[in-house]
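One structure is given here, and the rest of the page talks about it.
No lab work stands behind these numbers, since they all come straight from the coordinates. Since this is a predicted model, take the numbers as computed values, not measurements. Reconstructed Cβ throughout: ideal geometry from the backbone, glycine too, with neighbour counts over all protein chains shown.
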Protein chains: 6
Amino acid sequence: MVMVKMVEDGNAPPEVQAVFDEIKAARKSNWINNFWKALAASPQTMKRIWTSVKLVMTPGALDALTKEMIYIAVSVTNNCPYCIHSHTAAARAKGMTDEMYHELLAVVGLANETNRLANGYQIPIDEEFIPFK
Amino acid sequence: MVMVKMVEDGNAPPEVQAVFDEIKAARKSNWINNFWKALAASPQTMKRIWTSVKLVMTPGALDALTKEMIYIAVSVTNNCPYCIHSHTAAARAKGMTDEMYHELLAVVGLANETNRLANGYQIPIDEEFIPFK
Amino acid sequence: MVMVKMVEDGNAPPEVQAVFDEIKAARKSNWINNFWKALAASPQTMKRIWTSVKLVMTPGALDALTKEMIYIAVSVTNNCPYCIHSHTAAARAKGMTDEMYHELLAVVGLANETNRLANGYQIPIDEEFIPFK
Amino acid sequence: MVMVKMVEDGNAPPEVQAVFDEIKAARKSNWINNFWKALAASPQTMKRIWTSVKLVMTPGALDALTKEMIYIAVSVTNNCPYCIHSHTAAARAKGMTDEMYHELLAVVGLANETNRLANGYQIPIDEEFIPFK
Amino acid sequence: MVMVKMVEDGNAPPEVQAVFDEIKAARKSNWINNFWKALAASPQTMKRIWTSVKLVMTPGALDALTKEMIYIAVSVTNNCPYCIHSHTAAARAKGMTDEMYHELLAVVGLANETNRLANGYQIPIDEEFIPFK
Amino acid sequence: MVMVKMVEDGNAPPEVQAVFDEIKAARKSNWINNFWKALAASPQTMKRIWTSVKLVMTPGALDALTKEMIYIAVSVTNNCPYCIHSHTAAARAKGMTDEMYHELLAVVGLANETNRLANGYQIPIDEEFIPFK
């Protein structure tokens, strides 16, 4: 029940096709997933998000797999089914094992519980946790 | 503006003091942070959450620092100021550098953006991302 | 997988049918969408929400289309698929073009990103932004 | 209780100062708000977000004020106090009157109410609202 | 850091004062809390919300205290500090004991944890839970 | 589109089967719902959550039905379709009538509306609501 007409790889205006080609080259794959086909309905958004993804998701001080697991943590907390599926697949492709996956979800679940206890009891932040005073 | 009377370490009923002592031993520290002093107003909740924290946050397939960073990702997405402060401090104590921290927040921010684009456009989940059919 | 038995237009108790008739008259349409058929299971809720919708969504200082786009911004942020679909359709009926729609979603996405950066870094509110002191 | 050491305008590394200068020029103002001083702790994030803000918030099919009001709708829904303050100030500077502001918040409140009713009753999306089948 | 100039009881325009008077009569109290003083900046919103509060919060199939505890559950999950404080005070005034309060927060915390596990694992809804097919 | 291979009752490793058996005994039912079959993919998480559910959901100062309705309030606010379905079924099994159900959803909807008004206007917490100073 997608809200836009998705643009197909191979049948796209040049500025969109250029991003499709770059995505495929970066991923060493011939497949474009629906997220990019849908964003392609707005070439400016598609190009901007792809630029951000390249900058943010490239391995740096955090490796690529850690970044994917952080992405999953956010996507589960927000309840974004597309994002849960696509980033879980990406994390598995980067080496996430079953054990890592279950530990990830256990942390996400527990953090959501304690977040509500901390906010519910309106617990004051300890002086010791304040980095700049 | 805490909603409960916090229980102080050293001045607690025995079942609460036992958890305080266990927390201090586990952390090799003499300090109890406000989260546990507030939960102590309900000894059952305090004991249950401490049991969960021990089980979930112990290093396993994921190391302790990765778990703390996942906790931060959830806490930022939920906007729990106490949790943001306490788990950022914990992650720094476990070795999170400035570079790692900024990359973590960049992933959290971007994931929140693309989560809303995926949900906003109601992008259908690709067959390729479905693990069990 | 609706949780209530929806009430059909033309086959409703009088107090519900009166609201159906008013909705159709207000919209100059013979069609009742599922939201109202489901709320009709609780006539008090149905009447209360219809009263609120009339008061809030009527053009005033903001025109009807701007109000629909604000509605979409909230619905995407909350991930309410029904609301995303119904208010996107309503906004299109009121004149939202493709260009407006994509700019709307781009703002929603970016706002979600910067919201998490502002909360994640716990950025203090500038004095200059505080309207009453 | 900011989590990073904010970078001051006039006392910043060259790549950060260049963004400060661009922000001031774009806004025809000599003032930099805390959001940018905090992001400056991560020059890559600062530059990336500023690039996105320029692309997304520039008037296009939607005028600048409508975009600010959509930003407020998201920020209120996410409960980001910094963003609520800064974008309300920005919207007022762009011409939002008291009447517009109160209507905006009324729509945001009502949308949050009906979002929960739609999700709570799990109301099925009407065929008529599905744009692509 | 309130965004509007609050209207004081006794110093209000007639349509606002009438609502203040009705609130005080309904509560058998001479005190108006900040929520209503702030909403009074928009008399239409103030009147509409007060009408809704009267309809929804009046004891019916659910007693007044149960309704307040449901309000707290929502307010904690949304992280609305004002609402957490005001509805916790209201629930205590209606008879919520310490034991009830701690059990309430324990359910809220656990529900937030299992919500994320259910969404994270994308668990399919059992046929047995679907009320209308 | 579940993310894990669900474990079937009667075909489970001993430590998982023991929890299945305990769940069935506690519920006096021979049926295991998908939530537990999915959690069973991680026996540690399954056992930990079942222990928490027993502790938290047992009638105490709050009766079992009130606890289920609080669970629904959280699940609707978070938009967890699985949880909405399973806890609505559980509440109905424990005696929730149609009237109670509609009042519950009305409170949940209204609380979400006023939460956003309180946060949107950044209404300051009244001194009178602060329990410990």
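Straight-line reach from C:Lys24: taking Cα to Cα under 17 Å and skipping same-chain neighbours fewer than 8 places apart, the aspartates and glutamates in range are C:Glu8, C:Asp9, C:Glu15, D:Asp126, D:Glu128. Each principal axis of the Cα cloud of chain A was evaluated for its coordinate range; sorted largest first, these ranges are 56, 34, 31 Å. Across segment F:11-23, rounded Karplus estimates of 3J(HN,Hα) from the backbone phi angles (6.51 cos²θ - 1.76 cosθ + 1.60, θ = phi - 60°) give 9, 10, x, x, 5, 6, 4, 4, 6, 3, 5, 5, 4 Hz, Gly and Pro being marked x.
Derived scalar couplings between HN and Hα for segment A:60-74 equal x, 5, 10, 6, 4, 5, 4, 4, 5, 5, 5, 4, 4, 4, 5 Hz in order, rounded to whole Hz, by the Karplus curve 6.51 cos²θ - 1.76 cosθ + 1.60 (θ = phi - 60°), x for Gly and Pro. Peptide B:1-9 has a mean of 6 when you count, residue by residue, the C-beta atoms of other protein chains within 10 Å of its C-beta.
Taking amide H atoms as placed 1.01 Å from N in the peptide plane, the amide H of A:Ala41 lies under 5 Å from those of A:Val7, each 5 or more residues away in sequence or on another chain.
Each Lys and Arg Cβ is given +1 and each Asp and Glu Cβ -1; about its Cα centre, segment F:11-58 then shows a dipole of about 140 debye.
What you get for segment A:1-94, charging only the Cβ of Lys and Arg (+1) and of Asp and Glu (-1), is a dipole of about 120 debye around the Cα centre. Applying the criteria of a DSSP loop state and at most 11 other Cβ atoms within 10 Å to the trypsin sites (Lys or Arg not before Pro) of segment D:3-89 yields D:Lys28. Across the protein assembly as shown, the volume of the C-alpha convex hull divided among the residues equals 164 Å³ per residue.
Taking chymotrypsin sites (Phe, Trp or Tyr not before Pro) across segment E:18-112, the ones in a DSSP loop with at most 13 further Cβ atoms lying within 10 angstrom of their Cβ are E:Trp31. Between E:Ala26 and F:Ala61, the simple label model (points 7 Å from Cα in the Cβ direction) yields a spacing of 2.8 nm. Which of the listed residues, F:Pro81, F:Asn115, F:Asn34, is farthest toward the dipole's positive end in chain F, when Lys, Arg count +1 and Asp, Glu count -1 at the beta-carbon? Going by the charge dipole, the pick is F:Asn34.
Under a model in which nothing but the beta-carbon of Lys, Arg (+1) and Asp, Glu (-1) is charged, segment B:59-121 shows a dipole of about 180 debye around its Cα centre. Residues whose amide H lies under 5 Å from that of B:Val2, counting only those 5 or more places away or on a different chain, are absent; hydrogens are built 1.01 Å from N in the peptide plane. Taken as Cα centroids, segment C:30-66 and segment D:41-106 sit 27 Å apart, rounded to the nearest whole angstrom.
Taken residue by residue and averaged, Cβ atoms of other chains lying within 10 Å of the Cβ of F:63-73 number 6.
Taking 18 Å as the limit for the C-alpha separation, the pairs C:Lys5/F:Lys28; C:Lys54/E:Lys47; A:Lys47/D:Lys47 exceed it in the case of C:Lys5/F:Lys28. Take each residue in A:91-98, count the other chain C-beta atoms within 10 Å of its C-beta, and the mean is 1. Along segment F:88-104 the Karplus relation, 6.51 cos²θ - 1.76 cosθ + 1.60 evaluated at θ = phi - 60°, assigns HN-Hα couplings of 5, 4, 5, 5, 4, 5, 8, x, 5, 8, 4, 5, 5, 4, 5, 5, 4 Hz to successive residues, with x for each Gly and Pro. Cβ-Cβ distance of C:Glu127 and D:Thr51, R₀ of 25 Å, FRET efficiency by 1/(1 + (r/R0)^6): the value works out to about 0.35.
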